[in-house]
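Chemist: What follows is a structure written as C-alpha cells; I'll ask about it next.
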Amino acid sequence: MSCRRGLWVSFLGPFGLEVVAASSVAERIEWLGVDLQHGDIEPGDVAPLVRATRVPVLVRLASHDGAHLARILDTGAAGVVVPGVESADQASHLVAAASLPPRGRRSTGLCRAALAPSADQPLLLAMVETAAGLDAADEIAAVEGIDGLFVGPYDLSLSLGEPSVTTDRMVAAISRVGDAARRHGRSFGVFSGNGELTTRLPDVDLLGVATDAAALQAGIAALFAEAPAVVGAR
Ligand code: 3PY
Ligand code: MG
C-alpha cells in the first residue's frame, strides 16, 4: 500500500467535512480519522460523519470495550483504531469483538453497515503508544485479525520519557513498530502532526498529517498575520 494521508477529526461536523472536501487540496486527504478518545465528537456523531464524506473513515475508539467497538462498526466506518493496545491478549479480545462468528462474537442486526454491506472487511488497527505496547508490538501484529499497527507518538514519547516526538530514540521506536507490522504482513500507520517527524519516518501506509484543530489554528494564524491591525481608521 502506498502512503495514504489522513486528516484527524476531533470536532468537525458533517458541514465541516463538506468544507474540507471543497478545499483546494481535498484530493490529498485520502482518509479521515474520527477521534472518540479525545476532542468533542460523540459516538452518535459518527454515522453522520461517515455519510458526509467520500473518503474512508477510521474511527479511533474511546476504549477497548467490545460493545463500543461493535456499535462503531455498525455505522459503516471503514475501520477502527484502538488506543493503547499492549498485549496479544488485548488484541485477541479486540479481534473477537470486531469479527462475526465463527472467528469472533460480533452480533449481526439492522444497522447502517448492514444496509450497505461492503466487500471490504472493516480494518482493525491496534495503536502502539506505550512502552509496554512497544515491547509487545511483534506479538500484537502476529494476532490473526489485526490488520495493522498504528503508532501514537505523543503518548509513546510520554511513556518512554522522551522530551519530544522527534528524538532519535522515538524515530527508532516507531521504526521498530513498523518492522513488527511488516514482519507479519500488516499495515503500518503513524499519526504525525509534526513536519519534522514526518520527514524522519520510515515508509508508512497511513500517515495522520494533522488534526482539524491544528489546521484551523494554522489557517487563522496565517490569515490574521496578514490582516492590517487598523482598517479604515480616520
Ligand atoms: C498519540 O500520539 O498518542 C496519539 O494518540 C495520536 O493520535
Ligand atoms: Mg494517544
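The values are calculated or read from the model by the stated rules, or taken from the named source; none is laboratory data. The structure presented is a predicted model; accordingly, all values stated were derived computationally and were not measured. A quick note on method: Cβ atoms are made from the backbone with ideal geometry, for glycine too, and the neighbour counts reach across all protein chains shown. Accessible surface areas use protein heavy atoms only, side chains included; no ligands, DNA or RNA. Shrake-Rupley method; radii C 1.70, N 1.55, O 1.52, S 1.80 Å.
Chemist: Please find, among ALA47, ALA21, ALA52, ALA26, the residue that is at pLDDT 95 or above, among the small types (Gly, Ala, Ser) and out of contact with any helix residue (DSSP H, G or I) (no Cβ under 9 Å at 6 or more places or on another chain).
Modeler: Sole residue among the options that is at pLDDT 95 or above, among the small types (Gly, Ala, Ser) and out of contact with any helix residue (DSSP H, G or I) (no Cβ under 9 Å at 6 or more places or on another chain): ALA21.
Chemist: Got a sec? Which strands (runs of 3 or more DSSP E) wholly within region 57-133 have at least 1 residues that are in contact (Cβ under 8 Å) with a residue 24 or more places away in the chain and more than 17 Å from LEU149 (Cβ to Cβ)?
Modeler: Strands (runs of 3 or more DSSP E) meeting the threshold: 57-60.
Chemist: Output the residues belonging to region 90-133 that are open to solvent by 60 Å² or more (accessible area, probe 1.4 Å) and among the β-branched types (Val, Ile, Thr).
Modeler: THR108, the sole residue that qualifies.
Chemist: Within region 20-37, does at least one residue satisfy the condition of being open to solvent by less than 20 Å² (accessible area, probe 1.4 Å), among the aliphatic types (A, V, I, L, M), assigned to a helix (DSSP H, G or I) and within 22 Å of SER118 (Cβ to Cβ)?
Modeler: no
Chemist: Related question: Quick one: is GLY16 under 26 Å from ALA210 (Cβ atoms), assigned to a helix (DSSP H, G or I), open to solvent by less than 70 Å² (accessible area, probe 1.4 Å) and without any contact (Cβ under 8 Å) to a residue 24 or more places away in the chain?
Modeler: no
Chemist: For region 134-153, how many residues are in a helix (DSSP H, G or I) and either more than 16 Å from ligand 2 (Cβ to nearest atom) or surrounded by fewer than 15 Cβ atoms within 10 Å (Cβ to Cβ) (or both)?
Modeler: Qualifying residue count, region 134-153: 5.
Chemist: From the set of residues in region 154-165 that are among the hydrophobic types (A, V, I, L, M, F, W, C) and near ligand 1 (Cβ under 9 Å from one of its atoms), which is most open to solvent (accessible area, probe 1.4 Å)?
Modeler: LEU158
Chemist: If ASP168 satisfies all but one of (1) open to solvent by 40 Å² or more (accessible area, probe 1.4 Å); (2) within 19 Å of the chain's Cα centre (by Cα), what's the number of the condition it fails?
Modeler: (2)
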